[in-house]
Structure formats: C-alpha cells, structure tokens
Amino acid sequence: MSWHSWFTKERRIWHKRFIPSLVTGLAVAIITLFFELTTSNIVLFSSLGASAAIMTHNKIHELNILRTVISSYLIALVVSLLVGTGITLGLNSELGVMITVSVTLILLYLFDIFHPPAVSASLAFLILEGGFAERIYIFFAVIILLIITKLLTYLFFYENLELRKFHLEFRKL
C-alpha cells in the first residue's frame, strides 16, 4: 500500500467520524454549562461523553441503542442511591464504592443491558454532592441529552440509520 493510498483511506475514515465526534463533544459541553464542575460531575460528564461516542456509531447494536443506555443509567442511579443511603447509615465508603461497582455490573449483566459507561456513572451518582432531587435532575438531563444525540445521529450522519427506524432504539435486539 502506497503512502498516498494509505493517507486517502485514513482521511476518509477521519472525515466520516469527524461530525459524530464533534456532536459528542458538543453534547458534553452543553450539559457542563448547566452544572458546576465538581469531581462527581466530571466523572459523570466523562461517562456521558463515552456513551455519546458509542451512540453515534453508524450501525444499530445492542450496546448503542437507547433502551440499553437509558436502562443501564437507571440501574446506575438506583444502585448509587441505595448504597449512598447505606453510607449515610454508617457503611464504610470504600466498601460502598466496591458494592456500587459490583452490583451495577452484576445487574447490567443480569438484565442483558450492558453499557460500560454506566458503571462510572454509578460512581458519579454515589459521590455527587447534593440530595435526591439533584441526582434525579442530573439523571434526566443526561438521558434527554443522550436521546437528542441519538436523534441527531439518525437525522444527519448516516444513510443507513433512517429516522423511520428510530423506534427500534427502544426494543430489545
């Protein structure tokens, strides 16, 4: 393979992924405008960026459909709320972190909705400074942003993702 053909091929790949990568970055940037940059929020924004990057892929896969992503983030939120309550009642924080990661992973496997960024999101929800209402607010902000990201992926980026197939995002593959 010549240098020119290699460069042409790489440039084509780069151009094909530029817009989805830009949308991923914009999605994270938009949500950071509404929240303070604390450690827990930075961890959550990192998870959001990873999820958005996975979701802008041009093929429908179990890992990148909205059903999987929303369900896994919901599990992350519920587990972190339960473990957070345990920590408030006297559970060791380090043990709480271990339980959060382990239980989140186990539930993701059991429900067959494995989305890796949700594991770090569960830790972010656990260490989030604020009450129940703030966690719920952030959860819904993340979910709405992920839905918009996926919708933009369908609308603008790929020919093989047709908007009339958007409803498949909420079904089990």
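Identify, from the list Thr68, Thr100, the residue that is under 27 Å from Leu37 (Cβ atoms), among the hydroxyl-bearing types (Ser, Thr, Tyr) and either surrounded by 12 or more Cβ atoms within 10 Å (Cβ to Cβ) or modelled with pLDDT of 85 or more (or both).
On the way: Thr68 fails: under 27 Å from Leu37 (Cβ atoms).
Going through Thr68, Thr100 in turn, the sole match is Thr100.
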If I filter the range 128-165 down to residues being among the hydrophobic types (A, V, I, L, M, F, W, C), crowded, with 16+ Cβ neighbours inside 10 Å and at pLDDT below 85, which single residue comes out as nearest to the chain's Cα centre (by Cα)? Leu152
Can you say whether Ser80 is more than 22 Å from Glu162 (Cβ to Cβ) and within 11 Å of the chain's Cα centre (by Cα), as far as the supplied structure shows? no
List the number of the failed condition for Gly49; all other conditions in (1) crowded, with 18+ Cβ neighbours inside 10 Å; (2) within 20 Å of Ser122 (Cβ to Cβ); (3) in contact with a helix residue (DSSP H, G or I) (Cβ under 7 Å, 6 or more places away or on another chain) hold. (1)
Does any residue of the range 16-31 turn out to be out of contact with any Ser or Thr (no Cβ under 8 Å at 6 or more places or on another chain), surrounded by 17 or more Cβ atoms within 10 Å (Cβ to Cβ), of a type in the set (Gly, Ala, Ser) and closer than 22 Å to Ile143 by Cα? no
For the range 66-173, please list each of the helices (runs of 4 or more DSSP H) lying entirely inside it that holds at least 2 residues being touching a Leu at 6+ places or on another chain (Cβ under 9 Å) and touching a residue at least 40 places away in the same chain (Cβ under 8 Å). 66-88, 117-127, 132-152
Subset tally (residues that are hydrophobic (A, V, I, L, M, F, W, C) and either closer than 24 Å to Val101 by Cβ or touching an Asp or Glu at 6+ places or on another chain (Cβ under 6 Å) (or both)) for the range 16-66: 17
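The values are calculated or read from the model by the stated rules, or taken from the named source; none is laboratory data. In this text, all values refer to a predicted model and were calculated from it rather than measured experimentally. As a convention, Cβ positions derive from the backbone with ideal geometry for all residues, glycine included, and neighbour counts pool all protein chains shown.
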